[in-house]
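Have a look at the structure below, then the notes.
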Amino acid sequence: MGGNRKRISRRAFVGGAGIGAAALTGASAMSGLGLQAQPRTAATRPAKWDLEADVVVVGSGACGLPAAIRAVDQGASVIVVEANYDIGGHGIINGGQVPLGGGTSAQKKHGIVDSPDILFRDLTDWSVVETNGMPEYRFNDRGVQRALADNEAAAYEFLLDNGVRFADMPPGVQGGHAIGISAPRENYAIWDKGQSAESPRGGGGTVVYRALENSAKKKGVRFLLNHHMDVLFRETPSSGRVLGLKAHYSPKFLPGSTTPLKPFRSDGVLTMTARDVTVRARKAVIIATGGSSSNVNFRRVFDPRLTEEYQVAGEPYSSQDASGELAGMAIGASLWGTANQTLERNGALRKRPVIGAQHIYPEWTPRSPVFPLVRATGLHVDDWQNLILVNQASRRFYDETAEGWPYGTHHGFLDPYVQGDWRNGRRITYKPQNFLDAALAPNEGSQPPDYSAGPIWAIFDADAVTREKWDLSPPATDPLFFFSAHTLAELAPQIRKNPFSRVDLPVRNLEATVARYNQIVDFGYDPDFEKPNPKYKIQTPPFHAAWATPVVHDTYAGLRINMKCQVLDVSGQVIPGLYCGGESAGGCSQHGQGRAITQGFIAGKEAAHERSST
Ligand SMILES: Cc1cc2nc3c(=O)[nH]c(=O)nc-3n(C[C@H](O)[C@H](O)[C@H](O)COP(=O)(O)OP(=O)(O)OC[C@H]3O[C@@H](n4cnc5c(N)ncnc54)[C@H](O)[C@@H]3O)c2cc1C
């Protein structure tokens, strides 16, 4: 199948061997892969330090900003080292739904009963599983959960004290994943400014993280932007306390520009453009680098199916390249709680209602300052009846209308819910929901060495475009992720231009799949995948193929930490002077910023109370 055409191989793109305009575009589509952090070995401490502070935080997102503020609040001097051109990480592009419970003032105000004990038992409840049978809380580290439960309410008040404003409404459940089910715990930051320079994409996360940035800067935190931490130093390469780090200059450019992107606000930002910068941490380093989903080799440790075609939420604004984990592991840190990353739960991998672009989570607008990197908004799918989804063998594989992930186990999931009760399992309405498994399955197009499933393509016709009211022209669609042709036979070979396509979409299969689907529409019943009431034939040219490959959402396993967020080595011993929180830390199944904020809140205080190294 299509393997002998002369072309620049996918791996050559990764290695940067592309030539000519098309190759460059392809290379930019693959850039997240080319920049992946690599495994490291322990390094000898540097002869000199370029910068110095009591506490050095790596990453300025949902964990890093609270960690920095908390440390400075305790009297420590703080430098935040950030790889990106601006502050905020995934936090600033998120939806602003902040899960924090355990008895917050918002919960109390609205008569919601919650406490650290209730929250702790929720977050370790073995008896609750998602509707696909996957356990949400069973594999959590109990100490890490106890620390979360004990600190969440205080972390909520800390956000208020540092200028974060939430909607004056009862905490709810919308957007909450693995936050426990005894009480509603989701708090909502309100974003009402539309798209502005203040935010890379609009949304509630901007409210939270610009407020924290302002507070941190007022309190004296300094930010070293455009610097990617690669190496941590201990007293000897693999023993003793952590003394500091090395970061390399990593400016971000828009295509065709030689001027690095600039942060929204430049006050409090240290200006250094040296290739390598060493930063001494007199007391501690806090790893808040946001996880590992963008690093294909690293993420495949947990799920070998996740080969390079699966794009990652948050890119190309900020990336989760496992650099915190790799630097920690190089000096002896242990990974932890890896089951949480492997289990198919909590929307770790998602079908998105957006097609025809590479970066489909979040939905970007052309007004975003990083839009030239995003390149296309994608087409929002209102009705999955308007298309079929095919794999690289041109075969349908599941009911297209199926949900992309199971229903989350938040408040209201079970009624009644009794913590730890064996009867809970009987009250759950199970639904297999294997859409993603079918999408990731090897097929006729799979090839050695990975036998990867390859991209998923949405196939539809001109009538579907009319029904969905889509404007197909760029910037709605990306020419490398969206193709059109007058016939299916002409459409299939075009798809090979996509940099993640390993094989030609087999024309004969595609024609047969569409013919079979049109027959199914005539039947009014889908004997192959039981799509409910299949409605529309695919018959009116032009025909279209739009990228519809599932997206990796976030990381649920990382470095082993204790209740103080100190990093532990493979013998369970504390690595002195090293802390971690957020998506780079293991032991917690919870999605999102609640745990990141709380662990930053814990780590910042603890790090500030370390003794100073001489
Ligand atoms: C589109 C989207 C919507 C979301 N919506 C929600 C929501 O509504 N509610 C919710 O709770 N969660 C949401 N999340 C998840 C939430 O934003 C993340 O879980 C959270 O931001 C993780 O915090 P973190 O500090 O671990 O990582 P991040 O916030 O991503 O911060 C990590 C930072 O570290 C930097 N960094 C990485 N490596 C290095 C390095 N080597 N050197 C220096 N800096 C480095 C990164 O550039 C980044 O700025 C959403 C995520 C996305 C992508």
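Numbers for the structure displayed
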quantity	calculated
Net +/- balance of residues flanking residue 333 in space, Cβ distance below 14 Å, scoring K and R +1, D and E -1	+2
Segment residue 342-residue 451, length gained on full extension (0.36 nm per residue, minus Cα span)	37.3 nm
Dipole-positive endmost among 191, 174, 135 within the range 112-195 (Cβ charges, Cα centre)	135
The range 125-280: C-alpha gyration tensor shape, a/c 1.5 cut-off, then a/b vs b/c	oblate
Nearest-20 debye value, the range 249-362 charge dipole, Cβ charges on Lys, Arg, Asp, Glu	280 debye
MRE, 222 nm, helices only [DSSP H, n ≥ 4, -39500 (n - 2.57), over the chain, to nearest 500]	-7000 deg cm²/dmol
Simple label model, 7 Å out from Cα along Cβ direction - residue 528 to residue 471, nm	3.4 nm
Proxy reagent accessibility, fewest Cβ within 10 Å first, across 169, 134	169, 134
Segment residue 154-residue 444, length gained on full extension (0.36 nm per residue, minus Cα span)	99.0 nm
Highest-first arrangement of 189-198, 575-584, 326-335, 284-293, where packing means the average Cβ count within 10 Å	284-293, 575-584, 326-335, 189-198
Dipole magnitude of the chain, debye to nearest 20 (Cβ charges: Lys/Arg +1, Asp/Glu -1, about Cα centre)	1340 debye
Paramagnetic label zone (point 7 Å from Cα along Cα-to-C-beta, residue 426; backbone N under 11 Å) in the range 95-125	none
The range 348-449: projected area of the alpha-carbon convex hull, averaged over directions, in nm²	10.7 nm²
P(r) tail fraction, the chain - alpha-carbon pairs more than 50 Å apart, %	9 percent
Degrees separating the helix 64-73 axis from the principal Cα axis of the chain, which is the longest one	10 degrees
Relative packing of 446-459, 557-570, which averages over residues the other C-beta atoms within 10 Å, highest first	557-570, 446-459
Cut-off 16 Å, label 7 Å out along Cα→Cβ of residue 401, residues of the range 518-533 by amide N	518, 520-533
Cβ-defined net charge surrounding residue 434, 12 Å radius [Lys, Arg +1; Asp, Glu -1]	-2
Angle in degrees between helix 20-29 and the longest Cα principal axis of the chain, rounded to the nearest 10	60 degrees
Rounded if a/c under 1.5, otherwise prolate or oblate - the range 302-386, Cα gyration tensor axes	oblate
Span from the the range 99-172 Cα centroid across to the the range 261-309 one, whole angstrom	27 Å
Loop-located chymotrypsin sites (Phe, Trp or Tyr not before Pro) in the range 377-427, at most 12 other Cβ atoms within 10 Å (DSSP)	422
Gain on full stretching of the segment that runs from residue 253 to residue 193 - 0.36 nm per residue minus C-alpha separation	19.0 nm
Inter-label distance, nm, simple model (7 Å from Cα along the C-beta direction), residue 238/residue 108	5.0 nm
Relative contact order (percent, whole number), the chain, Cα cutoff 8 Å, 6+ residue spacing	22 percent
Cβ-Cβ FRET estimate between residue 142 and residue 609, R0 fixed at 22 Å, reported to 0.05	0.35
Lysines with Cα under 30 Å of residue 431, excluding same-chain neighbours fewer than 8 positions away	351, 531, 535, 537
Degrees, to the nearest 10: 593-608 long Cα axis against longest axis of the chain	20 degrees
Global form of the range 192-343, assessed from the alpha-carbon gyration tensor, a/c cut-off 1.5	oblate
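Each value in this text was obtained by applying a stated rule to the coordinates, not by laboratory testing. Here the structure is a predicted model, which means the values were calculated and not measured. Glycine also receives a Cβ, built like all others from the backbone with ideal geometry; neighbour counts cover every protein chain displayed.
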